[in-house]
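Notes follow once the structure below has been shown.
Computed from the coordinates by the stated procedures, all read-outs in this text should not be read as laboratory data. Keep in mind it's a predicted model, so treat the numbers as computed, not measured. Cβ placement follows ideal geometry from the backbone for every residue including glycine, while neighbour counts extend to all protein chains displayed.
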Amino acid sequence: MGGLRPQGGMVGSIRAYAGQTAFVDHRLETFEAEARHAFGFLAERGFIPTVELPEDMTRRPIVLTARFIGAMAAVEPSLSLAIDGEDYVKTTINSVDGTRELAPLVARKGHELRKALGVLAEQARIELGEG
């Protein structure tokens with residue numbers, strides 16, 4: 001399973017891409033747009049956004065990862081929906097200086113997802129020397 005980079009940016013509708021008619025968690029449908037919004041400062045600095053979709057969006061565990069790829073670093077916020085309901089967002093920064101994991105934050109509801117992505121985006125900005 002590799003990253004995707006469709007024409008024109010990230011995938012617009014996970015449900016349409018996945019071609020699934022079963023229930024798909026709302027956070028999976030909004031994660032991409034929320035990540036692009038929270039980490040928008042990276043796109044403004046030339047990072048290329050991509051997204052990695054799991055093969056099955058209807059069965060847990062599910063991990064959905066957005067990637068912002070730059071010349072010297074890749075920033076990867078991801079949403080994890082666990083079997084036991086411990087849903088969280090975390091961010092990994094891979095750079096020439098090594099790999100850093102930013103602490104996972106709870107994301108059981110849509111508003112928690114949005115807030116967690118905002119906090120992680122600010123931490124990533126600081127880690128990259130942008131803040």
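Key figures for this structure:
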| quantity | calculated |
| --- | --- |
| ALA71-ALA33 FRET efficiency (beta carbon distance; Förster radius 30 Å; 0.05 resolution) | 0.75 |
| Relative contact order %, segment 14-127, counting alpha carbon pairs below 8 Å whose residues are six or more apart | 20 |
| Rg to Rh, two decimals, where segment 14-127 supplies the alpha carbon set and Rh follows Kirkwood | 0.96 |
| Nearest-0.05 FRET efficiency for THR92 and THR58, computed from C-beta distance (R0 25 Å) | 0.50 |
| Given charges at beta-carbon only (K, R positive; D, E negative), |dipole| of segment 14-127 in Debye | 220 |
